[in-house]
Amino acid sequence: VVQPTYNGGGADGFVANIKDLGTSVKYSRRTYIGTGGIDIVYGVQFDKLGFPYVMGTTTGTMTPINAAYSVPNSRQFIAKLRPNLSAFVYLTTFGTSNASAPNISPIAFLVDNCENVYVSGWGGGANDFGGSSYPTAGTNGLPTTPDAFQRNTDGSDFYFFVLQKNAASQLYGSFF
């Protein structure tokens with residue numbers, strides 16, 4: 001899924017490491033992240049060691065790499081890349097399996113000092129903007145944890161997800 005060129009479909013995510021002054025690309029490699037569907041990178045974060053992480057959505061199928069936690073055929077992804085953008089350290093997916101569209105429209109993304117990853121976004125009718133909407137499958141079926149603030153959804157809620165370091169497990173999931 002990490003390619004040096006566009007993979008096709010409606011869109012691919014794109015990542016490049018720009019030098020401090022913004023005058024050129026730091027590494028000669030520019031990385032596309034995608035499938036044959038529509039792939040969008042919503043956020044890029046770096047951990048304390050300089051590894052980049054990306055978070056986004058897809059309408060295609062991303063195959064997890066080096067991830068103990070993943071939800072097969074789901075439409076949200078999180079990936080940790082090598083600093084030179086040449087390969088994935090891990091790639092995982094989360095959400096509901098076989099959804100017709102991404103469950104959420106992501107709005108926030110963070111990697112903490114322990115390398116845990118935080119993602120949040122709105123799903124369902126919350127993304128209807130007077131006839132012009134961001135298509136989401138909604139929040140029904142998204143995984144929550146026993147300590148969740150809110151474990152139930154009407155399908156149109158704000159969702160918060162925490163992934164443990166190295167995609168080992170889901171640490172937290174809740175609706176708000």
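Report, as a whole number in µm² per second, the diffusion coefficient that Stokes-Einstein gives for the stretch 45-176 at 20 °C and 1.002 mPa s using the Kirkwood radius over alpha carbon pairs.
Approximately 145 µm²/s, per Stokes-Einstein.
Sum up the charges of everything whose Cβ sits under 11 Å from the Cβ of ASN116, counting Lys and Arg as +1 and Asp and Glu as -1, but leave ASN116 out.
Once positives and negatives cancel, what remains is -2.
Only the coordinates and a few stated rules stand behind these numbers; no lab work does. Note that the structure is a prediction, hence the values are computed from the model and not measured. As a convention, Cβ positions derive from the backbone with ideal geometry for all residues, glycine included, and neighbour counts pool all protein chains shown.
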